[in-house]
1. When the residues of the range 32-88 are narrowed to those that are in contact with a Lys or Arg (Cβ under 7 Å, 6 or more places away or on another chain) and β-branched (Val, Ile, Thr), which ends up nearest to Asn109 (Cα to Cα)?
2. Ala146: hydrophobic (A, V, I, L, M, F, W, C) and within 18 Å of the chain's Cα centre (by Cα), yes or no?
3. For Ala33, are the conditions met, namely being modelled with pLDDT under 90 and buried (at least 18 other Cβ atoms within 10 Å of the Cβ)?
4. Among Lys123, Lys91, which is over 30 Å from Val44 (Cα atoms) and modelled with pLDDT of 90 or more?
5. Run Glu104 past the list (1) in contact with a Lys or Arg (Cβ under 6 Å, 6 or more places away or on another chain); (2) of a type outside the set (Lys, Arg); (3) more than 26 Å from Asp70 (Cβ to Cβ) and report the number of the one that doesn't hold.
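The values are calculated or read from the model by the stated rules, or taken from the named source; none is laboratory data. As the structure is a prediction and not an experimental result, all values here were calculated from the model. Positions of Cβ are generated from backbone atoms using ideal geometry, with glycine treated the same way; all protein chains shown enter the neighbour counts.
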Amino acid sequence: MKGRRLSCLFIFKNKIVKKMGLREKLADELKNAMKSGDKIRLEVVRMLQTMIRRKEIERKGEGKELTEEDEIQVIKSEIKKRKEAIELFEKGGRTDLAEKERKELEILNEYLPEQMSEEEITKFVEKVIQEIGATGPKDIGKVMGAVMKELRGKADGAIVQKIVKEKLQSQ
């Protein structure tokens, strides 16, 4: 199978037994959620499996295999939907539905790779600004393009954008 996969290592008696892709991990999580009766986790895992299958079918139509980046993009897309729904539900006074979306958001975040801290992002942004020679707000596009090319999947784009704007505004 082409492309990289999200991996989980199973360690048994201090030996690596098996690498596990995201789909296998989701299948395992599905079983655990069914056994424990965790309805929200069960819904999220089923939804995520469905969205990944849809993306895989879409990629096969293009003659390509599903990659780790594609899987991360699916998860991020679902996270973005949850954040928007939380905001709308809170504006509408539906705290019960907003809370359900928050729980789903927490579960989805478990499947993302480790995210960089703001300090790490700031250091990286400063390095890129120096490399590019950005001088002010007019260079935001150049800096964002270079930073996101390297940090895609490792850092939240909204946080990166905020840091880039702060750094370029102060110059």
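1. If we take residues in the range 32-88 being in contact with a Lys or Arg (Cβ under 7 Å, 6 or more places away or on another chain) and β-branched (Val, Ile, Thr), then Val74 is nearest to Asn109 (Cα to Cα).
2. Values: hydrophobic (A, V, I, L, M, F, W, C): yes; within 18 Å of the chain's Cα centre (by Cα): no.
Taking the combined requirement at face value, the residue does not satisfy it.
3. Working: modelled with pLDDT under 90: no; buried (at least 18 other Cβ atoms within 10 Å of the Cβ): yes.
Criteria not met by Ala33.
4. Values: Lys91 fails: over 30 Å from Val44 (Cα atoms).
Every option except Lys123 fails the conditions.
5. Only one criterion is unmet by Glu104, namely (3).
Results for (1) touching a Leu at 6+ places or on another chain (Cβ under 6 Å); (2) of a type in the set (Val, Ile, Thr); (3) assigned by TED's automatic domain parsing to the domain that holds Glu24, shown as yes or no for each residue.
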position: Gly61; (1), (2), (3): no, no, yes
position: Asp70; (1), (2), (3): no, no, yes
position: Val74; (1), (2), (3): no, yes, yes
position: Leu97; (1), (2), (3): no, no, yes
position: Phe124; (1), (2), (3): no, no, no
position: Ala158; (1), (2), (3): no, no, no
